[in-house]
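The values are calculated or read from the model by the stated rules, or taken from the named source; none is laboratory data. Quantities reported herein were computed from a predicted structural model and do not represent experimental measurements. We place every Cβ from the backbone using ideal geometry, glycine too, and count neighbours over all the protein chains shown. Just the protein is used for accessible areas: all its heavy atoms, side chains included, with ligands, DNA and RNA removed. Shrake-Rupley method; radii C 1.70, N 1.55, O 1.52, S 1.80 Å.
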Amino acid sequence: MKPSIVIDCFSKNGLRYRTGYAVVAIDVIRATTVAITAVASGWRCFPVASLEEATEIASFFTNSLLMGELSGDMPDSFEMNNSPAELVTRTDLHRPIVLLSSNGTKLIATARSSDATYLACLRNFRGVAHQLAGKHERIAIIGAGSRGEFREEDQMCCAWIGELLAQQGYRPENAATEEIIAKWSGAPASAFIPSKSVDYLRRTDQLNDLDYILEHVDDLRSTYVMEGGEVIAMHQPQTIIINRPITDPAVPVKAA
């Protein structure tokens, strides 16, 4: 039987894939983007599922950087929101990041019970597909979603990874997976701009994060995995043999 892929959404559904699957956790706006950006930039990063866990993990370090949001608001004890654009302006690489978000880090926490847990965003979608191909027989690609919706940016990233794996012989497990791959095949990165997640960034004057995401598509070749509660980079060779989608998503269109 051919190896298979399935695309799904929401942290609670990650429990379906605890046995027999490698899970790819995706929250483009913004948890997995900021976690991957943090590690790629030189920080250690520890995603957590709750405020209580954030406090506990932070207590293990003398100078941790509490980062994130709950329901869109930064908790009182935190130093910054989960902004990749703001993060890359900082220079305190010695401070371990404890990352919390409403949806993305909860998905990561749920996915940790699977056979293997990968993180992906638009920065490394091709790198993670390359790493997964031939290594795992069954792969679940899961978007974090928000407020009960499978947001466009997560659909796109899931679909692009799924399409690349399908090109390597992976069989979609259901019609919904086939439909999402077909929907986003060849789409430019800017196609997710109608998302309500982008509306949130616009309302809260955080469009610098949208610009950052669109300006950093397919620019990392490393794969990022969860090991012992920490995001770890697995470096890849520069040459990746998986075919490109019809449209080159690495040429984004900036939001107005």
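How much length, in nm to one decimal, is gained on full extension between Arg147 and Arg171, taken as 0.36 nm per residue of separation minus their Cα-Cα distance? Walk me through the numbers on the way to the answer.
Numbers: separation 24, 0.36 × 24 = 8.64 nm, distance 2.97 nm.
Stretched fully, the Arg147-Arg171 segment lengthens by 5.7 nm.
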TODO: Could you order Ile232, Ile181 by accessible surface area, starting with the largest, using a probe radius of 1.4 Å?
DONE: Ile232, Ile181
- [ ] Over 14 Å, how big is the tail of the calculated P(r) for region 159-242, in percent of all Cα pairs?
- [x] 75
Open item on the list: With an 8 Å Cα cut-off and a minimum separation of 6 or more residues, compute the relative contact order for the chain in percent.
Closed with: 29
Task: Excluding exposed DSSP-loop trypsin sites (Lys or Arg not before Pro) (at most 12 other C-beta within 10 Å), longest clean stretch of the chain - done: 1-134
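Charges only on Cβ, +1 for Lys and Arg, -1 for Asp and Glu: so what's the dipole of the chain about the Cα centre, in debye to the nearest 20?
Values: 24 positive and 31 negative charges, 131 e Å.
Rounded to the nearest 20 debye, it is 620 debye.
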Task: Inter-part distance where region 201-215 and region 4-37 are each reduced to a Cα centre, Å - done: 23
Task: the chain: angle of helix 152-167 to the longest principal axis, Cα-based, in degrees nearest 10 - done: 40
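Pop out the carbon and sulfur fraction of the accessible area of the chain as a percent, whole number, probe 1.4 Å.
Details: 5250 of 10580 Å².
C and S fraction of accessible area: 50 percent.
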Task: Signed unit charges on C-beta, dipole axis of the chain, positive-most listed residue Met74, Phe192, Tyr21 - done: Tyr21
- [ ] Report the residue, chosen from Ile193, Ile139, Ile26, that carries the largest GNM mean-square fluctuation when the chain is represented by alpha-carbon nodes joined by springs under 10 Å.
- [x] Ile193
Task: In nm, spacing of pseudo-spin labels at Ser59 and Glu79 (7 Å Cα→C-beta vector) - done: 2.0
Open item on the list: I'd like the orientation of helix 175-184 relative to the chain: the angle between its Cα long axis and the longest Cα principal axis, in ° from 0 to 90, rounded to 10.
Closed with: 80
Open item on the list: Suppose all protein chains stay in the model; what accessible area per residue would a 1.4 Å probe give for the chain, in Å²?
Closed with: 41
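How do Met74, Met67 stack up against each other in accessible area, from largest to smallest, with a 1.4 angstrom probe?
Working: Met74 80, Met67 0 Å².
Reading off the accessible areas and sorting them downward yields Met74, Met67.
Once you have a ≥ b ≥ c as the square roots of the Cα gyration tensor eigenvalues for region 70-129, tell me rounded if a/c is under 1.5, and otherwise prolate or oblate according to whether a/b is larger than b/c. Before the final figure, lay out the partial values.
On the way: a/c = 1.96, a/b = 1.35, b/c = 1.45.
Oblate.
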- [ ] For the chain, compute the number of Lys pairs whose alpha carbons are separated by less than 30 Å, excluding pairs fewer than 8 positions apart on the same chain.
- [x] 15
